[in-house]
Structure formats: C-alpha cells, structure tokens
Amino acid sequence: MQPVTEDGVPTKGCVKSDIFDQGWNLLPEMHFDDCTIVSITNAKMGDEEAVKLAKAINKMKHLDSLYLHYNRIGDTGFSAIGTSLRGRNMYNINFRKNVLGDKGILDLGLALRRMTRLTYINLSGNQIGNGGKILGKTFRDCKILREVYLQDNYMDDEAIVEILNGLAKWTEKKYLTKIILGGNKFGQKGCMSIASGLGKLTELNSVDLSNSALDKQCIAIMSVSLYKLKKLSSLAMNNCHLESKSLKVLSYTISGHNRLRQVALDGNAFKDEDLFLLGKHVLESPAIQKITIHGGAYDVLQRLFPFLFGYSTAQLVEDCANDISRKTAACELLQSSGALHTPTGSL
C-alpha cells in the first residue's frame, strides 16, 4: 500500500532528473506537479537553477519536504524559493551548506512563519547573520518542531536572543529534542540567552554549542538549565574556551544526570586537576558512557608516550567513562590522586 501524507495524498519523492533535464531546463509540469518531497542535494545548484526550481515548486500543490543541502544557492535563489513556499505548511526544510545570507533568510522567513507543522529545519553552514532574528518569529508558531540546526553561521547576539525567545514561547512543547547553535558570532548576551532559555525546552535530549565562546558566568547559569533537562543524553561543547571554573560546574551537572550518556569537550585547555575532578564525577555518574576531551599537543604526547610524559588525565577520564561498570584500571587510577602523574606503570 502506497504511503500517503497527512492530507491523504500519495507520497512521491522527486530528484533532479524528475524536474530538470541535463541542462537544468524545467521538464513539463506533468513530471513533477505531484511531488510531495523534493531532494536535490550536492548537485552544484546555484541561484539561476534555484529560481527555476521555485517556478516548479509553484506547481507542486502538495509539497511538504524540501532538501537542497550541499549546493551553491545564495540569496537570489532562496528569495525566489521563499516566495514560492509562501502559504505552504512544510514538515521538513534542509538548506544546509549553501550561501544563504541575511537578504535570503528575510525573504525565506516570511514563508517559514506560516509553517506551523514544521518538524525539522537545518540552515547550518550558511552565511546568516543578524537577519537570523526573523527565525524567532518563525519558531513561535512551530508547536511540533523537533530538531533545529543553525550552527556555523554568523548570527549575533540579537539574532540568538530572538531565536531563543521564539523557541521558548511554547514552554509546553513536547517535541523539540535537538538544538545545535554553535559556531556563530554571538557574545555574552547571546550566550546568556541560550543559558537561561535551554531550561524551558524540557524535552531536549541533545544540545551542541561547539565552537562558541562560553564564559564562566554563562556556564554557571547554563548548568542550572542543563540540570533541568531530565532527558538530556548528549552534550557537546567542543572548542568553547571553557575555563577551569566552567569545567568544575559542568562536572557537578554531569554526575547529577541520570540519562546523560555522551559528553564532548574536545579542544578546551583544561588543567589536570580540573580533569581529575571531572573524573571523580564520572565515577559517580550512573549514565555516562562516552566522554571526549582531546586537548592539544601535550595531551597527544601523553597519549603516545605515557612512559615519558605521564598518563594523560584526559585519556583516563575517557577510558573510565567507556566502561559503565567503573571497574577498569583507568577508573582505579582516577580514584587515587597520587597515581595521576606517575610516568611509569601500565593500564
């Protein structure tokens, strides 16, 4: 039996060859007017081709999912696509890794604001800056939104504040499970907005803020919000310039979580004594199964030549976390502070 959409229309997935000929000329609309899903990815599609696609979308009465990731579409193309999507109530949008900027997102945002049943949106790896603030208005009405990917853009404090306000508008949301915001250009104001806003999104199970500057004041507030996320299972803060005090605060959050299984802290310059404290909390954690803390050249040397440079405390924490029984040799070494810098011995 053929699957159907929520509106009772038979689903039909369409790719480039269903819409264009080999020269990127549109085929007759009888070939694509019944498409419900369009996926043209990694196809070197630029603005000119996207404008043509927008004309085709106007003919697709039941389109509900659009995947255009890994292309070269800029503001001109996305403005045209945004116009063609106005009045549509889409489920899935993936425009990852294009060259979408502020002009394009403003035009696209007018269409996105009407998408009350949007469940998945991925705009990561584009060039969205302050214009990203329009997404806050979009998210206010998305009551069943599940996953949000906005990392690796140029969004500033104002944009991040608006986005978090929009996401937190519906505090009774029972669907939003994943949010990735790292790699943007926000400062402390944006960070504080994320820190306080996360606690209102109580169904989150995955949070990734990697490649962002997160200072100790922000982390102090964020740790409270993270503790409220009782379903949190994955946390990533790679390359976030985390300070010693930040790791101490996060250590307590980690040990207090019953579901937190994976923590990624690569690229942060932690001291051994801070990592040792983290290791102590890993020992107390009922859920942690994986931690990554690769932290620079000296850590690499310790891992390669422990007999010369002493054991890497980061590796001990990682190895201990990998065994939920907490009975490995790495865990035993973490239990003894005197063993941390011993240059001889074996694991």
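Nothing in this text is a laboratory measurement; each read-out follows from the coordinates by a stated rule. On a predicted model such as this, the values are computed, not experimentally measured, just so you know. Glycine also receives a Cβ, built like all others from the backbone with ideal geometry; neighbour counts cover every protein chain displayed.
In segment 52-79, what count of residues is obtained for those that are crowded, with 18+ Cβ neighbours inside 10 Å and either in contact with a Cys (Cβ under 7 Å, 6 or more places away or on another chain) or among the hydroxyl-bearing types (S, T, Y) (or both)? Of the residues in that region, 5 qualify. So, L229, is that one under 26 Å from H294 (Cβ atoms) and buried (at least 17 other Cβ atoms within 10 Å of the Cβ) or not? Yes. Annotation for segment 287-306: no member residue is under 23 Å from the mean Cα position of the chain (by Cα) and on the phi > 0 side of the Ramachandran plot. Among the residues of segment 28-68, those that are acidic (D, E) and either part of a helix (DSSP H, G or I) or closer than 17 Å to I93 by Cα (or both) comprise E29, D47, E48, E49, D64. Scanning segment 14-32 for residues that are surrounded by 11 or more Cβ atoms within 10 Å (Cβ to Cβ) and over 20 Å from N42 (Cβ atoms) gives L26, L27, E29, H31.
Which strands (runs of 3 or more DSSP E) sit wholly inside segment 75-180 and have at least 2 residues that are over 26 Å from K61 (Cα atoms)?
It comes to 178-180.
Would you confirm, using the coordinates I've provided, whether I134 is crowded, with 20+ Cβ neighbours inside 10 Å and touching a strand residue (DSSP E or B) at 6+ places or on another chain (Cβ under 7 Å)? Considered against the rule, which asks whether it is crowded, with 20+ Cβ neighbours inside 10 Å and touching a strand residue (DSSP E or B) at 6+ places or on another chain (Cβ under 7 Å), I134 comes out as no.
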